[in-house]
Amino acid sequence: MLFVVIDSDCYVLGTLMNLCVTRFRGHKMIGAINGGFGLALCKETHPELVILDTDLRDCDGFTLVPKLRRLCPNVKILAFSQSCDRFTAYRAQSAALDGYLYKRRSAPADLVSAMRRVLAGHRYFDPFISTVQASLRDDPFAFNKLLSDRELELLGEIGTGRSNAEVAKIFRVSPSTVNNHRSAIMDKLSIHRTADLMRFAAENGITRLCQRQEFNELRTIKDPGEAWNCFRAPGETKAD
């Protein structure tokens, strides 16, 4: 059985490699330090499980989920993230994930348990993300019930302090269109000042959308040995 870890934190990669050796004997785990490499790795190896960091440096990890599903229809995907804000909880609930684990509150035993449950065909969402998801479900004024997906995208950019002209350039619309959306968003949220809108976006994690550059092209691996990158389980050699 093969596992792929996509995580920009080298320390996490190394820790997971050692965990695989000690808790999943006989299985292989390969690491990728960015989304582009991770996609290419999965295309080449077709793993049974992908452990995915949603806060990758080169891209938004959530956008990799549908791409992974297309490349490996039967793969299990377990998100392993340091984010647990309301917007991340909303996206985790909407994404085609098999599980979600919050890095900052998870011990190695929690990860092993989550991996085993997901591999057995069950879903696993840890108590922290589940609690935030429940609060969204119970809140009649939660942002996901008031704003459309398009408005949330725009709010992600507006929330960073960008002007109407700057946001318009990103979305290839006119500044007046952005201004109309800005006014509609503020009305729906009952927010009357731009500073308060920016604070709302930041506190709910909505600005996370535009803090990373999207990775759109799938990298091709010419040398199969390259798929091992610089991370592999101790004692492992390159695949034949």
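Looking only at residues in the stretch 120-163 that are over 19 Å from the mean Cα position of the chain (by Cα) and among the acidic types (D, E), the one that is surrounded by the fewest Cβ atoms within 10 Å (Cβ to Cβ) is D138.
Pairs please, first residue from the stretch 1-17 and more than 14 Å from G38 (Cβ to Cβ), second anywhere and part of a loop (DSSP other than H, G, I, E, B) and of a type in the set (A, V, I, L, M, F, W, C), Cβ atoms under 6 Å, 6+ apart in sequence or on different chains. These pairs meet every condition: M17/A233.
Check whether at least one residue in the stretch 174-185 is out of contact with any Asp or Glu (no Cβ under 6 Å at 6 or more places or on another chain), at pLDDT 95 or above and either under 30 Å from V5 (Cβ atoms) or among the aliphatic types (A, V, I, L, M) (or both), and report yes or no. Give the derivation first.
Step one: list which residues in the stretch 174-185 are out of contact with any Asp or Glu (no Cβ under 6 Å at 6 or more places or on another chain), which gives 174-184.
From what is left, the residues that are at pLDDT 95 or above are 174-184.
The next check asks that each one be either under 30 Å from V5 (Cβ atoms) or among the aliphatic types (A, V, I, L, M) (or both); those that pass are 178, 184.
Within the stretch 174-185 (the criterion being out of contact with any Asp or Glu (no Cβ under 6 Å at 6 or more places or on another chain), at pLDDT 95 or above and either under 30 Å from V5 (Cβ atoms) or among the aliphatic types (A, V, I, L, M) (or both)), the answer is yes, since at least one residue qualifies.
Looking only at residues of the stretch 1-46 that are outside any helix (DSSP H, G or I), surrounded by fewer than 19 Cβ atoms within 10 Å (Cβ to Cβ) and in contact with a helix residue (DSSP H, G or I) (Cβ under 7 Å, 6 or more places away or on another chain), we find that the one that is modelled with the lowest pLDDT is H27. Filtering the stretch 85-95 to residues that are of a type outside the set (D, E, K, R) and either modelled with pLDDT of 95 or more or within 11 Å of the chain's Cα centre (by Cα) (or both) leaves T88, A89, A92, A95.
Applying the criterion of being hydroxyl-bearing (S, T, Y) and not in a helix (DSSP H, G or I) to the residues of the stretch 101-122, the residue that is modelled with the highest pLDDT is Y102. If you go through the stretch 159-181 and keep only what is within 24 Å of F141 (Cβ to Cβ) and out of contact with any helix residue (DSSP H, G or I) (no Cβ under 6 Å at 6 or more places or on another chain), you end up with just N180.
Starting from residues that are of a type outside the set (A, V, I, L, M, F, W, C) and in contact (Cβ under 8 Å) with a residue 24 or more places away in the chain, keep the ones in the stretch 175-193 and report whichever is nearest to I158 (Cα to Cα). Even if it seems obvious, please write down each step before you answer.
Applying the first criterion (of a type outside the set (A, V, I, L, M, F, W, C)) to the stretch 175-193 yields 175-177, 179-183, 187-188, 190, 192-193.
If we keep only those that are in contact (Cβ under 8 Å) with a residue 24 or more places away in the chain as well, we get 181-182, 188.
Numbers: H181: 10, R182: 8, K188: 15 Å.
Step by step, filter the stretch 175-193, then rank; the result is R182.
Residue count for the stretch 91-101 under the criterion of being within 11 Å of S130 (Cα to Cα) and either surrounded by fewer than 22 Cβ atoms within 10 Å (Cβ to Cβ) or not assigned by TED's automatic domain parsing to the domain that holds F128 (or both): the result is 1.
Restricting the search to the stretch 67-100, which residues are within 23 Å of L155 (Cα to Cα), in a helix (DSSP H, G or I) and of a type outside the set (K, R)? Once the filter is applied, which keeps residues that are within 23 Å of L155 (Cα to Cα), in a helix (DSSP H, G or I) and of a type outside the set (K, R), the stretch 67-100 yields F87, T88, A89, Y90, A92, Q93, S94. All but one of (1) in contact with a Leu (Cβ under 9 Å, 6 or more places away or on another chain); (2) within 25 Å of M1 (Cβ to Cβ) hold for A95, so report the exception by its number. So the condition that A95 fails would be (1).
The values are calculated or read from the model by the stated rules, or taken from the named source; none is laboratory data. Note that the structure is a prediction, hence the values are computed from the model and not measured. Neighbour counts are summed over all protein chains in view; Cβ atoms, including those assigned to glycine, are modelled from backbone coordinates with ideal geometry.
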